[in-house]
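**Student:** Can you read through this structure? Questions will come right after.
Each reported figure results from applying straightforward, stated rules to the coordinates on display, with no laboratory input. Keep in mind that what you see is a predicted model, and the values were worked out from it rather than measured. Using ideal geometry, Cβ is built from the backbone for each residue, glycine included, and neighbour counts are taken over all protein chains shown.
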């Protein structure tokens, strides 16, 4: 399967995108390459991506995909930029824009940035610098401009902030500089060919054809040490998903739900620490938890206050052990809370879990755990949440749904 991340650079109606074995996706963003549908032996063609309105695709996400046997081709836009940066690791770059980045002829993100339509169609509203430069070079070759005027126009158009570099803005700059002959020539060329001078489009088409021809079939071997960091682990946990009961749920949400709402989770966490001590994830020598605890602190503290292992929610055994007590009712609750959180984000512009007040999340925990506030740290630690502060942060995802349920219950009681 070939997964093509594309938006403003290529129209969805391009015939090459309708070929068999192609999965056409919106511009790539942080987390997209954790998609379980992208498997070893597949190819990713990275063309367009977001970076202004949402977090951009990280380099280590690309390296991790390559590490599990996915071929990655980059071209035209952020794909060309990432390919130039990751070529030493085996990412394949295609086209003129990639070559310009790789050679150092260009180096800025603004070279390929464009404003996009806000309607989900991802159409380009502005001209990227790489296309501006290419058109100016074509005009110079045609005798419309000389070298000095070309350089002057490029400098003037580069000074226009990229979301404002529309076709109208290009014409206005030309008029202001007295370059009406060039503006007229360019208008005529565009009337005959709407894709005239569109270097990014040409490169994107070449990249898709390269993928169809198997250009990325030769896989490279990348060791996990290249991408496995604490940050990457956090990302992979955040984007871990599973389809259960016909619904796709975040694995992290399911785990935190157990940590918060399952009164028996304390015992499950203790058993997990014991198992991890006997069978360390790093393959080191096993040891009974009591003995390890005695060495660490003389056995004066409970294990959960001493050992805080980083969880890998990609590991099936870890997930199975920690979700062993999960019920269908629990999963339904996780789905309801996820829906409530999504509704809060849609209905309140700018809302995020960070906007939930700490005291509201803390009250939720104290209410569910039925413990005094001075025991919050100990209770959170016993549930694998390390401390009260982290527990408060983790529980914020459930606050909108929890408050909804309380309101419905109280309304029904009054009724």
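**Student:** If you average the sequence gap of Cα pairs under 8 Å that are 6 or more apart and divide by the length of region 129-199, what percent do you get for the contact order?
**Tutor:** Details: 41 pairs, mean separation 29.2, N = 71.
It rounds to 41 percent for region 129-199.
**Student:** List the equivalent ellipsoid semi-axes of region 240-414 in whole Å, largest first, each obtained as the square root of 5λ for an eigenvalue λ of the Cα gyration tensor.
**Tutor:** Taking √(5λ) for each Cα gyration eigenvalue gives 31, 19, 14 Å.
**Student:** Mind checking the alpha-carbon convex hull of region 229-315 and giving the volume per residue in Å³?
**Tutor:** Dividing the Cα hull volume of region 229-315 by its residues yields 118 Å³.
**Student:** How many angstrom separate the Cα center of region 46-99 from the Cα center of region 331-408?
**Tutor:** About 37 Å separates the Cα centre of region 46-99 from the one of region 331-408.
**Student:** Additional query: At 7 Å along the Cα-to-beta-carbon direction for both residue 271 and residue 16, put a label point, then send me their distance in nm to one decimal.
**Tutor:** That separation, rounded to one decimal, is 5.5 nm.
**Student:** What is the spin-label model distance, in nm, from residue 156 to residue 193 if the labels are put 7 Å beyond Cα along the C-beta direction?
**Tutor:** Computed distance between label sites residue 156 and residue 193 equals 2.6 nm.
**Student:** Under a point spin-label approximation (7 Å from Cα along Cα-to-Cβ), what is the residue 29-residue 312 distance to one decimal in nm?
**Tutor:** Between residue 29 and residue 312, the simple spin-label model gives 2.9 nm.
**Student:** While we're on this one: Looking only at region 270-305, which residues have a backbone nitrogen under 14 Å from a spot 7 Å from the Cα of residue 324 in the C-beta direction?
**Tutor:** 270-279
**Student:** For an R0 of 60 angstrom, estimate the FRET efficiency from the Cβ-Cβ distance between residue 37 and residue 290 and round to the nearest 0.05.
**Tutor:** It comes out at approximately 0.85.
**Student:** Which one is right for this structure if semi-axes √(5λ) of the Cα gyration tensor in Å is calculated from it: [x] 33, 26, 18; [y] 38, 24, 20; [z] 51, 26, 19?
**Tutor:** Structure-derived value, by its label: [z].
**Student:** If I fit a long axis through the Cα atoms of helix 328-347 and take the longest principal axis of the Cα atoms of the chain, what angle between them do I get, 0 to 90°, rounded to 10?
**Tutor:** Helix 328-347 sits roughly 40 degrees off the main axis of the chain.
**Student:** Between the helical axis of 147-158 and the dominant principal axis of the chain, each derived from Cα atoms, what acute angle in degrees is found, rounded to the nearest 10?
**Tutor:** 30
**Student:** Rounded, prolate or oblate: which fits region 317-415 when a ≥ b ≥ c are the square roots of the eigenvalues of the alpha-carbon gyration tensor, with rounded for a/c under 1.5 and prolate only if a/b beats b/c?
**Tutor:** rounded
**Student:** At a Förster radius of 60 Å, what calculated FRET efficiency corresponds to the Cβ-Cβ distance of residue 232 and residue 141, to the nearest 0.05?
**Tutor:** For R0 = 60 Å, the calculated efficiency reads 0.85.
**Student:** Something else now. Compute the helix-to-body angle for 167-176: its Cα long axis versus the longest principal axis of the chain, expressed 0 to 90° and rounded to tens.
**Tutor:** 50
**Student:** Could you check which residue among 397, 348, 233 shows the biggest mean-square fluctuation in a GNM of the chain with a 10 Å Cα cutoff?
**Tutor:** Of the options given, 348 has the highest mean-square fluctuation.
**Student:** At what distance in angstrom do the alpha carbon centres of region 155-186 and region 223-289 lie from each other?
**Tutor:** Between the Cα centre of region 155-186 and that of region 223-289, the gap is 55 Å.
**Student:** Using the number of other C-beta atoms within 10 angstrom as an exposure proxy, rank 3, 329 with the fewest first.
**Tutor:** Ordered by Cβ neighbours within 10 Å, fewest first: 329, 3.
**Student:** Moving on. Under a 10 Å cutoff between Cα atoms, tell me which one of 27, 163, 128 has the largest fluctuation in the Gaussian network model of the chain.
**Tutor:** 163
**Student:** Any idea what the relative contact order of the chain is, in percent, if you count C-alpha pairs under 8 Å spaced at least 6 apart?
**Tutor:** Worked out over the chain, it gives 13 percent.
**Student:** So, one more: How high is the relative contact order of region 240-414, in percent, with contacts defined as C-alpha pairs under 8 Å that are six or more residues apart?
**Tutor:** Details: 165 pairs, mean separation 45.2, N = 175.
That works out to 26 percent.
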